[in-house]
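Q: Provided herewith is a single structure, encoded as structure tokens, for subsequent inquiry.
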Amino acid sequence: MPPASDLSISTGVAPAGAAMPSDAVFTVRGLTKSYRMGETEIFALRDLDLDIARGEFVVLLGPSGSGKSTLLNILGGLDSATSGDAHWRDHRLVGASQAELTRYRREHVGFVFQFYNLIPSLTARENVQLVTDIAVTAMAPEEALAMVGLSERLDHFPAQLSGGEQQRVAIARAIAKQPDVLLCDEPTGALDAPTGVTVLSAIETVSRRLGTTTIVITHNSVIAAMADRVLHLAGGRIARVEVNPARRPATELQW
Amino acid sequence: MVSALVTKLGRDLWAMRGQTLTIALVIASGIAVFVASLSAYHSLVASQADYYVVSRFADVFASSRRAPLALGERIRAIEGVAEADLRVVEDAVIELPGDPLPRTGRLIGLPPDGRPTLNRLHLLSGRAVEPGARDEALVSAGFAEANRIRPGAIVRARLSGRLAAYTVVGVAVSPEYVYAAAPGDPLPDDRRFGVLWVDGESLATAYDMDGAFDDVAIALAPGASARAVMDELDRLLARYGGLVSYDRSRQTSHQFLSDEIVQQGTMATTIPPIFLLVAAFLLNGVIGRLIGTQREQIAVLKALGYGDREITRHYVGFVVAVVGLGIGLGLGLGLLFGELMMASYRPFFRFPSLDYTLRPWVPLVAASIALGAGLAATAGALRAVFRLEPAAAMRPPAPPAYRHFLFAHGSNARVSAAWMMVLREASARPFRSALTLFGVAVSVPLVVMSLFWGDAIDLMIDVQFAAVERGDAVVTFVEPAPTRAVRAVARLPGVLLAEPLRAEPAVLRTDRDDYRTAVVGLPAESTLRRLLDADLRPVAVPAEGLVLSSRLAERLHLRVGDAVEVEILRDRRPVERVTVTGLVDDLIGLSAYMSETALARMMRDSGRAGAVSVRLDPRAEGAFQAGVLASPRIASLGIKSLAVENFRRSTGAVVTMVASVFALFAVSIAFGVVYNNVRIALQEKSRELATLRIIGFTRLEVARLLFASSAIELAVGIPLGLVLGYHWVRILVLAFETEMFRIPPIVAPASYLWSALAVAAAGFVSMAIVGRRLARLDMIGVLKERD
Ligand SMILES: Nc1ncnc2c1ncn2[C@@H]1O[C@H](COP(=O)(O)OP(=O)(O)O)[C@@H](O)[C@H]1O
Ligand SMILES: [Mg+2]
């Protein structure tokens, strides 16, 4: 990767590669998040600039503690920033009220987490229904589960599903509302490789079919090949950007 | 160096301060009610016992019409009599200068030295009556206080028609008048009834009793039989118009005082233990559940190598801290409210001093029950965790087998997934709700029982002073008077209607039992004094036969149709067998009723009246009172509106005090229980709720889901509690029934409503407090945790 692109990002100039600045749905400027621990200030994010285009598939790589989750959470309307700006289209993500953020999440964002966060007392179908009950443009829970290959498991409770299956339910739950944005924090972190691949395929299918802007955090650099663009975070900054000329299908990944 | 576990203990207590405090509050409420009631009760018991000994309260009493003082020799010679005090006791109308209201005074003649050896007087202020001082008087404390009479004041008494003026020289209390109720009045009315101790000789002269007495108080020798002494005394006094003698159990002050103490005792031994046990039970449940939420931490400690014993010690420390806080709080509040309850008794019970007594076992028992309940819960909850392998305990408990609901199966579900979550949780863990439900269901009757006392008073007033006694005033004659005296009263200004009341002292005898009471003679078409059955329907006075209070019938094992021997203790003491023709449901007292004519026939006179019940023209009350003051034959005047007012003021003060304290603690218990359960539910569900928030559920939607089950628990628990309350009150009044009072177990609808509202409010406040926490739900933190 040419170092120029790195520079261009950190200076806020449009990055080279897949992302067209005119298309940018996420615009992040000078985003800083710090925690005060007594005398010292810990920076989770430092003056970060970023644009992400509509439909883009972005992978965030970086060592533990580099600020990936913090960035994702702010983009998902789950966390506040110390300073700077972040927008999704015309939604303010920094300094917005709780109610505004709730509406943003409800209408536009799907989340997938490392720990599946399913409701144990609800079946697979009902866990998905949880979202379709409150979303405007939802698909049927069955359809969402079919997209992740779980048509056979509709009426199973989480305790009756394997980890990979549970994670696919979580993905189905995230995409059932046909979100504009799909945010995944280490979705394969708790899974073995083959299961991880099925889960990633599901994410891939969804993002392609629905044209969803997708951001995936991972520790696993192999997964980076799936992305349009790979952002390497370090110390709360984007240290390096890789642009993939072509996305590799998840099924071809191996680790 | 503080060990990490001790640090954890401190942090946990602080982090859970809301719960710590409310759990402490639950048990503190139980303890406070227990300690307050029992200490107040014990204080009364101790004051009574001490005072009776110090003041040499007599054991046996009798009165006669006029007995020669020489009879004293023979009375003192009765075997078992240690000491006898012969005296003159008379009731008279009393006037206070510048006050038109006629009062009733009981005048008691003092021995020549002014100091009775039995029923000794205790001076609160002033000095004793000087020997031979004919115009000096001591007045009873309540009367003095209510009428602001101080030494130096003048009190006038109409002694057998002649007006005597006394200078008050002192204010005194007497063991005979600890509870100073006018004859025939259910409650002391200090404004209208007072005792005057005056020079005995001059009092005797005024009533033409020189060299004679009409009242005797006797102290028994140790081990003497009261029965034998009374029988002998009756035999001696019979010739002198003696009424049947009686022991302390029928002495008015003692009887009321003892009933009151018994009631306080019942109150202290029924309701507070229920409070304490309910609180202990709930404490047990709440602590069990609280420790249940710590199971993963316990597993981690075990994985780190801590033994069961260390872990147990840690949680015992936690529970002891929480329960200890509750005990401390409960004892503090208990002492405070105990003193307050005592203070509310003071105007009722005129002891020289009413000191606060706390028997050591009371706080000990309260603390042990609380601690026992807390530790039992800890042991149970820890045992459940210790049974598991640490690895298993570190995983969240295996989810219960959730059920598919037929009605909601498949994609055509009518129930939203979120509500399905609530439903499944509730059906999979039916007993989880049980604790809250139970807590709610038992707090409601605690409030109902507390409010019930006010209702009981209202009902007693309604029944006694509206349905039974329908006149506005009752005048009592110095001596039973012929019917023309009734007509004279009817002619007094302002009297619209006058009806004679005749009450003759009598003994009712069956083969097994006897009972001394009054036979009341009523006109056939009595309108001012009515007899009522259990449903408050008027019962006609039968031309023949006897109508009994149902409790008297019960006591004598009599039924309608049975015959009972009636001896009237006056004049020639006629004895007749009379058939019981009906029962009435008096709330106060045990009486027997006859038609006026049947009683006159039995007494072989043409009808006499001891008192007259009158209906007054409200505009002419003053003129009526003046008329009464001017009538030499009237000994006392009872004014109903004043009696009602007095009843409400005196009893009302005590009951309101006790009831509001109880109700307050009952609501605290409800609050503590609901708060803790909602709080624990939040803890258990925080992960799911945070997930819902992330998905886009609003705070309100999430709150609705969290509180749905609590709201249902309230909605089910409160009606259940009202039903429980209804039954508890029925059981409770049985425990409270005394010979003098019967309390109808009728709770006013408003009290049910208030009980329900109070507990519902406690529930909603709990939810509101927990709801604030919900707003701060950590959405990100929860994502870092594994399932
Ligand atoms: N609540 C918090 N308090 C203090 N520091 C935090 C908190 N949350 C995150 N951090 C710090 O912020 C930095 C970034 O965290 P995070 O975004 O979770 O990293 P990553 O997801 O890349 O592992 C880390 O150094 C972490 O210690
Ligand atoms: Mg992370």
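Q: When the range A:168-192 is examined, which residues are found to be within 16 Å of ligand 2 (Cβ to nearest atom) and within 24 Å of residue A:77 (Cβ to Cβ)?
A: Result: A:183, A:184, A:185, A:186, A:187, A:188, A:189.
Q: Identify all residues within the range B:281-311 that are crowded, with 18+ Cβ neighbours inside 10 Å and among the β-branched types (Val, Ile, Thr); write none if there are none.
A: B:286, B:287, B:291, B:298, B:311
Q: Consider residue A:118 carefully, then state whether it is of a type outside the set (S, T, N, Q) and surrounded by 22 or more Cβ atoms within 10 Å (Cβ to Cβ).
A: So residue A:118 fits the description; yes.
Q: Is it true that some residue in the range B:553-561 is in the same structural domain as residue B:600 (by TED's automatic domain parsing), touching a Lys or Arg at 6+ places or on another chain (Cβ under 9 Å) and either surrounded by fewer than 14 Cβ atoms within 10 Å (Cβ to Cβ) or modelled with pLDDT under 85 (or both)?
A: yes
Q: Every residue in the range A:21-43 that is buried (at least 23 other Cβ atoms within 10 Å of the Cβ) and either within 14 Å of chain B (Cβ to nearest Cβ) or not β-branched (Val, Ile, Thr) (or both), please.
A: Scanning the range A:21-43 gives A:31, A:33.
Q: Additional query: Go through the range A:44-68 and give me each residue that's within 13 Å of another protein chain (Cβ to nearest Cβ) and loosely packed, with under 15 Cβ neighbours inside 10 Å.
A: If the condition is that a residue be within 13 Å of another protein chain (Cβ to nearest Cβ) and loosely packed, with under 15 Cβ neighbours inside 10 Å, then A:64, A:65 are the ones that fit.
Q: Let me ask you something else. Let me confirm something: among B:693, B:704, which residue is under 30 Å from residue A:107 (Cα atoms), within 14 Å of chain A (Cβ to nearest Cβ) and surrounded by fewer than 17 Cβ atoms within 10 Å (Cβ to Cβ)? Walk me through it before giving the result.
A: Values: B:693 fails: surrounded by fewer than 17 Cβ atoms within 10 Å (Cβ to Cβ).
Only one candidate qualifies: B:704.
Q: What's the number of the condition residue A:190 fails, among (1) surrounded by fewer than 20 Cβ atoms within 10 Å (Cβ to Cβ); (2) more than 14 Å from chain B (Cβ to nearest Cβ); (3) over 21 Å from residue A:26 (Cα atoms); (4) within 16 Å of ligand 1 (Cβ to nearest atom)?
A: (2)
Residues checked against (1) among the aliphatic types (A, V, I, L, M); (2) away from ligand 2 (no atom under 16 Å from the Cβ):
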residue: A:75; (1), (2): yes, no
residue: A:80; (1), (2): no, yes
residue: A:83; (1), (2): no, yes
residue: A:94; (1), (2): yes, yes
residue: A:98; (1), (2): no, yes
residue: A:104; (1), (2): no, yes
residue: A:113; (1), (2): no, no
residue: A:119; (1), (2): yes, yes
residue: A:133; (1), (2): no, yes
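Q: Is it true that residue B:335 is modelled with pLDDT of 90 or more and closer than 30 Å to residue B:180 by Cα?
A: Considered against the rule, which asks whether it is modelled with pLDDT of 90 or more and closer than 30 Å to residue B:180 by Cα, residue B:335 comes out as yes.
Q: Given the residues A:214, A:195, which is the only one that is more than 16 Å from ligand 2 (Cβ to nearest atom), outside any strand (DSSP E or B), more than 14 Å from chain B (Cβ to nearest Cβ) and not aliphatic (A, V, I, L, M)? Show your work before the answer.
A: Working: A:214 fails: outside any strand (DSSP E or B).
Of A:214, A:195, the one residue that is more than 16 Å from ligand 2 (Cβ to nearest atom), outside any strand (DSSP E or B), more than 14 Å from chain B (Cβ to nearest Cβ) and not aliphatic (A, V, I, L, M) is A:195.
Q: Considering (1) modelled with pLDDT under 90; (2) away from ligand 1 (no atom under 16 Å from the Cβ); (3) under 23 Å from residue A:104 (Cβ atoms), say which one residue A:205 fails and leave the rest.
A: All conditions are met except number (3).
Q: Which pairs have Cβ atoms under 9 Å, sit 6 or more apart or on different chains, and link a residue in the range A:40-53 that is farther than 16 Å from residue A:239 by Cα to one that is within 16 Å of ligand 2 (Cβ to nearest atom) and assigned to a strand (DSSP E or B)?
A: These pairs meet every condition: A:41/A:35; A:42/A:35; A:52/A:58; A:52/A:215.
Q: Here's another thing I want to ask about it. Can you name every residue in the range A:56-68 that is within 10 Å of ligand 1 (Cβ to nearest atom), under 13 Å from the mean Cα position of the chain (by Cα) and not in a strand (DSSP E or B)?
A: If the condition is that a residue be within 10 Å of ligand 1 (Cβ to nearest atom), under 13 Å from the mean Cα position of the chain (by Cα) and not in a strand (DSSP E or B), then A:68 is the only one that fits.
Q: Within the range B:91-112, count every residue that is crowded, with 17+ Cβ neighbours inside 10 Å, over 33 Å from the mean Cα position of the chain (by Cα) and not aliphatic (A, V, I, L, M).
A: 2
Q: Next question, about the same structure. Please find, among B:85, B:59, B:50, B:12, the residue that is free of Cβ contacts under 8 Å to residues at least 40 places away in the same chain, surrounded by 15 or more Cβ atoms within 10 Å (Cβ to Cβ) and more than 30 Å from residue B:631 (Cα to Cα). Spell out how you get there, then give the answer.
A: Numbers: B:85 fails: free of Cβ contacts under 8 Å to residues at least 40 places away in the same chain; B:59 fails: free of Cβ contacts under 8 Å to residues at least 40 places away in the same chain; B:12 fails: free of Cβ contacts under 8 Å to residues at least 40 places away in the same chain.
Exactly one residue qualifies, and that residue is B:50.
Q: Kindly indicate which of A:208, A:248 is outside any loop (DSSP other than H, G, I, E, B) and without any contact (Cβ under 8 Å) to a residue 24 or more places away in the chain.
A: Selected residue: A:208, the only one of A:208, A:248 that is outside any loop (DSSP other than H, G, I, E, B) and without any contact (Cβ under 8 Å) to a residue 24 or more places away in the chain.
The values are calculated or read from the model by the stated rules, or taken from the named source; none is laboratory data. Just so you know, these numbers come straight off a predicted model, no measurement behind them. With ideal geometry, Cβ positions are generated from the backbone for all residues, glycine too; neighbour counts draw on all protein chains shown.
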